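To start, the structure itself, in structure tokens.
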Amino acid sequence: MKRFLLLLFVLLLLLGGVTGGLYWSSAQVPEFYQAALQAESKPEVRQQKAKQFVQRSMQLVNDVHNHEPQWSQEFSEQQINAWLAEELHQKYNEWVPKGISDPRIKFGNDQVELGFRLSLKKWSGIISLKFKPWLLEKNRLVLELENARAGLLPIPIEEAIADLIQEARKDGWHIEWGQNNGNDALIVNLDHGKNELPDLTALEVQPGLFRIAGKAVAENQ
């Protein structure tokens, strides 16, 4: 009887340790996300960088709208994170799903890391995604997912992705879900069913910087 009680006690300790370890892991903050928050500059500098992001975005929109034969633009990690901190929730909060706050990004060699805080009734922590964006062909964007985590714990996202695809398809987007290099991959047809949209011909991700380029569609196409 004593052995049984001792074994039961040890088992409970092990289960408690595993549960506590899982909770601790899920509550941890990824290094890139913590670094992005710590790197944020003074409010006036952050506002200036957010303004630069808006200006570059508007220039890109104007080039596309005016059917410029060739167009390109680049955005720095700092500019995007400044805009996310300064303007996303203040001006476009209706775009942000409930429970999500403080998104930040990091650009690496051909990789993007995205993190945000998710607040639920029974859990609050940082969700992070690491993915590789690349063009399968013009206007066919692939988002190759390398991992998804809650804190430090890997999480499955198949159900969330399935819901996302279903909602996007209702809006007319052509989206496929498959595999590439052993990773889950989301393939997005950027034409959105509209032939007049420009051709996206290149995108590049390098440390701290994102570049995009394209061209106007010839009128006889």
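The values are calculated or read from the model by the stated rules, or taken from the named source; none is laboratory data. These numbers were taken from a predicted model, which means no experiment stands behind them. Every residue, glycine as well, gets a Cβ built from its backbone with ideal geometry; the counts of neighbours run over all protein chains shown. Note: areas computed on protein heavy atoms with side chains; ligands, DNA, RNA excluded. Shrake-Rupley method; radii C 1.70, N 1.55, O 1.52, S 1.80 Å.
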Residues that are more than 17 Å from Leu145 (Cα to Cα) and among the acidic types (Asp, Glu), drawn from segment 161-189: Glu167, Asp171
From the list Glu146, Glu74, Glu44, Glu94, exactly one residue is acidic (Asp, Glu), in contact (Cβ under 8 Å) with a residue 24 or more places away in the chain and over 17 Å from Ile212 (Cα atoms). Which is it? Glu146
Of everything in segment 63-81, what is open to solvent by 70 Å² or more (accessible area, probe 1.4 Å), closer than 21 Å to Lys138 by Cα and either aromatic (Phe, Trp, Tyr) or part of a helix (DSSP H, G or I) (or both)? Give them in sequence order. His65
Could you run through segment 114-158 and say how many residues are among the polar types (S, T, N, Q) and open to solvent by less than 30 Å² (accessible area, probe 1.4 Å)? 2
Test each condition in (1) closer than 25 Å to Ser124 by Cβ; (2) modelled with pLDDT of 95 or more for Ala39 and report the one that comes out false. (2)
Take the conditions within 18 Å of Gln38 (Cβ to Cβ), of a type outside the set (Ser, Thr, Tyr), in contact with an Asp or Glu (Cβ under 9 Å, 6 or more places away or on another chain) and open to solvent by 50 Å² or more (accessible area, probe 1.4 Å) and apply them to Lys106. Does it pass? yes
Just to be sure before I move on: is Ala35 among the small types (Gly, Ala, Ser), surrounded by 12 or more Cβ atoms within 10 Å (Cβ to Cβ), part of a helix (DSSP H, G or I) and in contact (Cβ under 8 Å) with a residue 60 or more places away in the chain in the structure I sent? yes
Of the conditions (1) more than 18 Å from Val29 (Cα to Cα); (2) open to solvent by 50 Å² or more (accessible area, probe 1.4 Å); (3) not basic (Lys, Arg), the single one that Glu86 does not satisfy is (2)
